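These notes concern the structure reproduced below.
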Amino acid sequence: MKKTIILVALMMTQATVADTVLGFYAGVSNWQHDMAGNINSDISSSDRVDIDFDNGGNIFYAALEHPVPFLPNIKIQQNDVQAEGLINISDVAAFPGQSVDVIGDIDFSHVDMMLYYEVLDNWINLDLGLSFKYFDGYSDFNYQELLDDRSDFDDVIPMLYGKGQVDLPLTGFSVYGSVEALSFDSNDVTDFEVGVNYESKMGLGGVIGYRALSVDLVNIGDLTSDLEIDGFFAGINFHF
C-alpha cells in the first residue's frame, strides 16, 4: 500500500495541468445516514456489540484551486458522524443470562484533507491525489450508570483520492462521483459519494447525493470496527 501511495505521489508531481484561474469553493450539507455493523466493547461477553442506528450530521467543506503548476489543490472537509440509541444485549458480561437495554453512543466524526491535481479540466473533470482522514471520536456503551465502557480513538489514515465530474452544457448541472480508499493488512476504509450539482451564474448552487462510508479497522488505537455508514444528503454551495 505504501508503494502505491508513493507511486501516485510521484506521478502527480509530474502533472503540468492546473486550474486556469483562482477558485474558492465552500459548502454545507446535511447527511441523513444509517450506521450499522459492530464495534468492540467489553460490556459484551463476546467483545463485540451489534448496532443499527439512524441519525444525521452536517458536512462543511472549503476548497482552493489555483493556476500554480506542480502545487496541489486543497480541500478540507469537516464531517459530523455521530449516532446513538438503545441496544438490546443478551450477553452482557456482568449479567450472564440476562437481556438488558444498553445506551450506545458512537462518534466517527472526522476531518478530510485532500491534496489533488486536476488531470482533466473541461466539461469532463478528473481530480487525482491523496487524502488524509483524521478521526477524533469515541464509542460509549452504558447501562443505568452501573456499567460504562468508553473507548476513544484518535488517528490519521492516509488514503488515495479521486473525483470525476461531467458538466451538462448550458444547464448549470453536473454529475459527479468521488472515492477515498485504503486497504492494508486486515484494515479497509472506503468513502464513496455520488451526486448531482447545480451552480448558477452567480456561483450559488446546491447538491443532492448519496454517500457510503465503510470503516473496517482492527486494533487502530483502542478501536476495532466493522461499520457501514450510508445515506442521502442535500446541501448548498458557493463558487467564488
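Some points to look at:
- Note that region 96-101 has calculated 3J(HN,Hα) couplings of x, x, 9, 10, 10, 9 Hz, one per residue in order, obtained from phi through the Karplus relation 6.51 cos²θ - 1.76 cosθ + 1.60 (θ = phi - 60°); glycine and proline are x.
- Computed [θ] at 222 nm, helices only, for the chain once each DSSP H run of length n ≥ 4 contributes -39500 (n - 2.57): -1500 deg cm²/dmol
- The 3J(HN,Hα) values that the Karplus relation (6.51, -1.76, 1.60; θ = phi - 60°) gives for region 224-235 are, in residue order, 10, 8, 9, 10, 10, 10, 8, x, 8, 9, 8, x Hz. Gly and Pro appear as x.
- Tilt relative to the chain, helix 2-13 - C-alpha long axis, 0 to 90 degrees, to 10: 20
- Charged-residue dipole, Cβ positions (Lys, Arg, Asp, Glu), region 186-235 about Cα centre, Debye nearest 20: 400
- Our note on the geometry: Cα centres of region 55-84 and region 187-238, 11 Å apart.
- When the convex hull of its Cα atoms is projected in every direction, mean area for the chain (nm²): 13.3
All of the numbers you see were taken from the coordinates with simple rules; none came from a lab. This structure is a prediction, so every number in the text was calculated from the model and none was measured. Note that each Cβ is placed from the backbone with ideal geometry, even for glycine, and that neighbours are counted across all protein chains shown.
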